[in-house]
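Report on the following structure.
Values quoted throughout were computed directly from the atomic coordinates according to the rules given, and no laboratory measurement underlies them. Owing to the predicted nature of the structure, the values given are computational and were not obtained by experimental measurement. Cβ sites come from the backbone with ideal geometry, for glycine too, and all protein chains shown count toward neighbours.
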């Protein structure tokens, strides 16, 4: 499976995808999206692939739903890559007083978004596992994330999507115990974390 001539690849998610894209003249940000774009631009220049970053910091799956028509369906991409789930869990830890998005609702809303992609576009779907919450395999955040990762796997099967095993990649890295960090705060990527996301994405697509 590979990209075709002039394919439009739309990447949507939260701050991990956003990475300051709105302050960037190219609207790419300085995260994994830029690394992926630069990889394909330099290795497959003849294909003229267009990459669009539609990440917005703080988003949960319900926030994606509120902007799905404008930011995804109306764009009519050839591919849509989705990275969501971290804030759905993180808000349970840092903002327990707000209305939460628990696994059942997460999967239901996500399912509806993917149904819209199938019914209203010709886009192929790429589902990225939510990464990590704290660089500790046994952290409460990572334990809570498991149910959300499992939901992404079920949706991958239902929609015959490409799965990017980003959670698995991060957990395996943490188990190696190199002592080198992947995030700035347990969630937001440093350059190494962005590289691990990009490499995992590229491998999944190749």
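Descriptive notes on the structure:
- The set of residues in the stretch 187-206 that are part of a loop (DSSP other than H, G, I, E, B) and free of Cβ contacts under 8 Å to residues at least 40 places away in the same chain contains only 190.
- For the stretch 66-106, a tally of residues being under 18 Å from residue 143 (Cβ atoms), touching a helix residue (DSSP H, G or I) at 6+ places or on another chain (Cβ under 7 Å) and in a helix (DSSP H, G or I) returns 8.
- Residue count for the stretch 157-186, restricted to those that are over 18 Å from residue 16 (Cα atoms) and assigned to a loop (DSSP other than H, G, I, E, B): 6
- Boolean, residue 56 is within 22 Å of residue 148 (Cα to Cα) and touching a residue at least 60 places away in the same chain (Cβ under 8 Å): no
- Residues (under 17 Å from the mean Cα position of the chain (by Cα) and more than 25 Å from residue 135 (Cβ to Cβ)) located in the stretch 87-111: 107, 109, 110, 111
- Residue check for residue 89: closer than 30 Å to residue 4 by Cα and in contact (Cβ under 8 Å) with a residue 40 or more places away in the chain: no
- Close pairs (8 angstrom Cβ cut-off, 6 or more residues apart or separate chains): at positive phi in the stretch 129-154, outside any helix (DSSP H, G or I) anywhere: 134/186; 134/187
- Residue in the stretch 129-149 that is closer than 20 Å to residue 11 by Cα and assigned to a helix (DSSP H, G or I) present: yes
- From the list 36, 52, 12, the one residue that fits, being assigned to a helix (DSSP H, G or I) and buried (at least 19 other Cβ atoms within 10 Å of the Cβ), is 36.
- Selection from the stretch 107-123 of residues that are touching a helix residue (DSSP H, G or I) at 6+ places or on another chain (Cβ under 8 Å) and not in a helix (DSSP H, G or I): 121, 123
Every residue, every condition in (1) closer than 18 Å to residue 200 by Cα; (2) touching a helix residue (DSSP H, G or I) at 6+ places or on another chain (Cβ under 7 Å), yes or no:
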| residue | (1), (2) |
| --- | --- |
| 2 | yes, no |
| 12 | yes, yes |
| 17 | yes, yes |
| 38 | yes, no |
| 43 | yes, no |
| 57 | no, yes |
